[in-house]
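Step one of this worksheet: look at the structure below.
The values are calculated or read from the model by the stated rules, or taken from the named source; none is laboratory data. Everything numeric in this text was worked out from a predicted model, so none of it was measured. Counting neighbours? That spans all protein chains shown, and the Cβs are built from the backbone with ideal geometry, glycine included. Each accessible area value is taken on the protein alone, full model and side chains, heavy atoms only, with ligands, DNA and RNA left out. Shrake-Rupley method; radii C 1.70, N 1.55, O 1.52, S 1.80 Å.
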Amino acid sequence: MANFDQVNQRSNTYSMKWDGAKSTYHNPEVIPMWIADMDFQSPKPVIEAIKKQAAQGIYGYATEPAMTQAPQVIAQWLETRNQWQINPDYLGYSAGVVNGLGLAIRALTQEGDAIITQTPLYGHFKIAVENSRRKLISNPLKWHKGKAGFDWEKFEQQIVTNHVKMAILCNPHNPTGRVWNTSELKQFAQICQRHHVIILSDDIHSDLILPGNTYHPLAQVYPEYQDQIITFKSPSKTFNLAGLQFAYYYTTNPDYQQQMQSAAAYASNPDLPTAFALPALIAAYQQSVSWLEELLEYLAQNLRWLTTQIESQTPAQVTRSQATYLAWIDVSYLSCSEDELLTALDAGGVGVQTNREFGLDEKAGLFIRLNFATARSVLTTGVNRLIRVLQQLAAR
């Protein structure tokens, strides 16, 4: 049994989330609930695999994943978890999903090309597109009964008007936690197919599906267009391995594989994993399923608790997330600016992210993303601080 109630001290451990908060927030007592990694220890089999690797005492270059058992382990994981049968030979690798997305953007589009995604968006989509000198087209999600959905008419219209060459899908969606259903996925792919738009599907959160929900890979749901789809995954979010810098992508299009590999070789050395990434991946996918099931139940309980607390004590609305460990909270009822909200939250001792990190201006409302993957006692303190700040802002 994993002990997710254990409070792990992460300060002074080279943690971006905790040590990086010191340069991001003014309050030295802030509880960081911003960056998307978890405050839980990884599964014991993963820790033991890393220890075993470290005990060798030699930390040279690691081998290519394709030269190890990693491709077969990944294929087995996808078949078991998602009923998705893939050819391991069609897997590619990168140091992270964002690295892979950037690689695909540079390899498969030209400078000035338009790339569309949904807003609110994961902030690094914007960075990856704009740093590659491409044009980002935002297609805002629509809301119905507290659930995010696509604006299909505007999505297709913007593809045509802007001559869009590529679309980025986030499945499940970060930050709203929506798990797209098969009907939505098919419609997304069909619109892209009509206009010859390449699809990059960021599925990094696809193993963090909260109980009662089901994830479907786009390429599996709509195989008619699979040669124009590249799916990106990683064990990093699921098993708290982001610092090991390892991700993989899958496409049945050999030309895309070749172009991405050529682009990677041109840009720098090949994207080799660290010496710890592959043993960790294998231990995670082969020996840590029970840990994952316990984690998902703990996360669901955390979400239910924070939703009840926030909505019973403030007018704020917590999105009914179906996946991830990120709560998307609508605080548009407040009559303050985003900067005023951030300043008050910082002073109140809770470090979160707001609109601008997700491609939203204040015309869209006022929103907070809060990471609830932490021990219940830490979550309790953080959420109580958040509620206190919201109450103070509303009383002004």
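Would you please name the residue that is surrounded by the fewest Cβ atoms within 10 Å (Cβ to Cβ), looking only at residues in region 86-97 that are among the hydrophobic types (A, V, I, L, M, F, W, C) and in a loop (DSSP other than H, G, I, E, B)?
Ala95
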Subset of region 357-369 [in a helix (DSSP H, G or I) and at pLDDT below 95]
Glu362, Lys363, Ala364
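Go through region 305-331 and give me each residue that's within 16 Å of the chain's Cα centre (by Cα) and small (Gly, Ala, Ser). Spell out how you get there, then give the answer.
Here is the first cut: in region 305-331, the residues within 16 Å of the chain's Cα centre (by Cα) are 321-328.
Hits for region 305-331 are Ser321, Ala323, Ala327.
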With criteria (1) under 30 Å from His216 (Cα atoms); (2) in contact (Cβ under 8 Å) with a residue 12 or more places away in the chain, Arg304 comes up short on (2)
Hey, does region 259-272 have a residue that's at pLDDT below 95 and closer than 13 Å to Ala70 by Cβ?
yes
Single residue of Gln245, Gln228 found to be closer than 20 Å to Asn171 by Cα and open to solvent by 10 Å² or more (accessible area, probe 1.4 Å)
Gln228
Every residue in region 198-218 that is open to solvent by 10 Å² or more (accessible area, probe 1.4 Å) and of a type in the set (Val, Ile, Thr), please.
Ile198, Ile204, Ile209, Thr214
In region 40-85, which residues are closer than 20 Å to Thr231 by Cα, open to solvent by less than 80 Å² (accessible area, probe 1.4 Å) and not aromatic (Phe, Trp, Tyr)?
Glu64, Pro65, Ala66, Ala70, Pro71, Val73, Ile74, Ala75, Leu78, Glu79, Arg81, Asn82
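Condition check: modelled with pLDDT of 95 or more, over 26 Å from Arg10 (Cα atoms) and not small (Gly, Ala, Ser). Does Leu386 satisfy that?
On the way: modelled with pLDDT of 95 or more: yes; over 26 Å from Arg10 (Cα atoms): no; not small (Gly, Ala, Ser): yes.
So Leu386 does not fit the description; no.
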All-but-one check, Lys145 against (1) at positive phi; (2) touching a helix residue (DSSP H, G or I) at 6+ places or on another chain (Cβ under 8 Å), failing number (2)
Return the residues of region 139-197 that are at pLDDT 95 or above, open to solvent by 70 Å² or more (accessible area, probe 1.4 Å) and of a type in the set (A, V, I, L, M, F, W, C); say none if nothing qualifies.
Val160
